[in-house]
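The values are calculated or read from the model by the stated rules, or taken from the named source; none is laboratory data. Remember, it's a predicted structure, so these values are computed and weren't measured experimentally. So basically every Cβ, Gly included, is an ideal-geometry build from the backbone, and we count neighbours across all protein chains shown. Each accessible area value is taken on the protein alone, full model and side chains, heavy atoms only, with ligands, DNA and RNA left out. Shrake-Rupley method; radii C 1.70, N 1.55, O 1.52, S 1.80 Å.
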Amino acid sequence: MHFVHAIATLHARVFSNVERLLDGWFLGLAARFTFLAVLYFYFLSSARTKVGEGVLGFFHVSDGAYYQIALPVVEAAGGNVANVSFIPWGLVVWSGTYAEFILPLLVVVGLFTRVAALGMIVFVLVQSYVDINIHKVGAQTAGAWFDRFSDGLIWDQRTLWVFLLATLVIKGAGRISVDAWLARRRTA
């Protein structure tokens, strides 16, 4: 029994020290680094498909954005994006397009991180809804929770994305971020 107590005490000391050393900086930095390494370029690439070519093209939302985000509305307009009303659909497409550029960048640099991560969670949920209900991805692509496969694009992978982003919403960006720098400047 003494041996078990000694192991439990050692375990508590080691991991309480690890937790103390990493507290306040590691989780936010690690979550933002993971987002950068795994998801940032995915979202940037997706966002680029929704705007025109070149520098000035950035300020032009392409017809493809309407097809990706609001396909049933475009179809109801006879396939002509010009016939789609700006309010609400054009506004939704514009907002979604530029959110896909701005929110991931804010997450990576750690600026307004909690709000940006929350926005990204909403973005991923809407993206998943559109993929399943509008673009009609198949059951194999969507996957399922609690099955023996871990590679479903929507239910498996995007659940991990949301968990990563939820960590940032709850814990913040950490001490190594623009948010922390601004907070230090405010208190100085």
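Only the Cβ atoms of Lys and Arg (+1) and of Asp and Glu (-1) were treated as charged; on that basis the dipole of the chain about its Cα centre amounts to roughly 820 debye. Take the Cα of VAL38, step 7 Å toward its Cβ, do the same at ILE102, and the gap between the two points is 2.6 nm. Relative to the longest principal axis of the Cα atoms of the chain, the long axis of helix 26-35 lies at roughly 30 degrees. Each of [x] -0.73, -0.82; [y] -0.54, -0.63; [z] -0.48, -0.57 is a candidate for log10 I(q)/I(0) by the Debye sum over Cα atoms at q = 0.12, 0.13 Å⁻¹; the one calculated from this structure is [x].
For the chain, modelled as a GNM whose springs connect Cα atoms under 10 angstrom apart, the maximal fluctuation among ALA139, ALA116, ALA70 occurs at ALA139. A helix-only calculation puts the chain at -19500 deg cm²/dmol for mean residue ellipticity at 222 nm, using -39500 (n - 2.57) for each DSSP H run of at least four residues, averaged over all residues. Ranking TRP94, GLY28, VAL162 by Cα position along the charge dipole of the chain, where only Lys, Arg, Asp and Glu carry charges on their C-beta atoms, puts GLY28 farthest toward the positive end.
The charge dipole of region 144-187, taken about its Cα centre with unit charges on the Cβ of Lys, Arg, Asp and Glu (plus for the first two, minus for the last two), comes to roughly 500 debye. The magnitude of the dipole of region 94-173, with charges of +1 and -1 set on the Cβ of Lys/Arg and Asp/Glu and taken from the Cα centre, is near 180 debye.
In a solvent-free Debye calculation with one equal scatterer on each Cα, what is log10 I(q)/I(0) for region 49-122 at q = 0.14, 0.17, 0.18 Å⁻¹, listed in the order of the q values? For the requested q values the scattering log ratios are -0.50, -0.69, -0.75.
Distance from the C-alpha centroid of region 30-56 to that of region 62-88: 23 Å, rounded to the whole angstrom. Where does the charge balance sit around SER46 when Lys and Arg score +1, Asp and Glu -1, over other residues with C-beta under 13 Å from its C-beta? It works out to a net charge of 0.
For the chain, the share of accessible area belonging to carbon and sulfur comes to 70 percent (1.4 Å probe, ligands and nucleic acids excluded). Largest first, the residues LYS136, LYS171 sort by 1.4 Å accessible area into LYS136, LYS171.
Ranked by the mean number of other Cβ atoms within 10 Å of their residues, highest first, the peptides 146-155, 21-30 come out as 21-30, 146-155. Note that the chain presents 64 Å² accessible area per residue, ligands and nucleic acids not counted, probe 1.4 Å. Approximating the spin labels as points 7 Å out from Cα along Cα→Cβ, the VAL178-to-PHE3 distance works out to 5.6 nm. For ARG175, the accessible surface of its heavy atoms amounts to roughly 130 Å² (probe 1.4 Å, protein chains only, rounded to the nearest 10).
Relative contact order of the chain, please, whole-number percent, based on alpha carbon pairs below 8 angstrom and at least 6 residues apart.
Answer for the chain is 26 percent.
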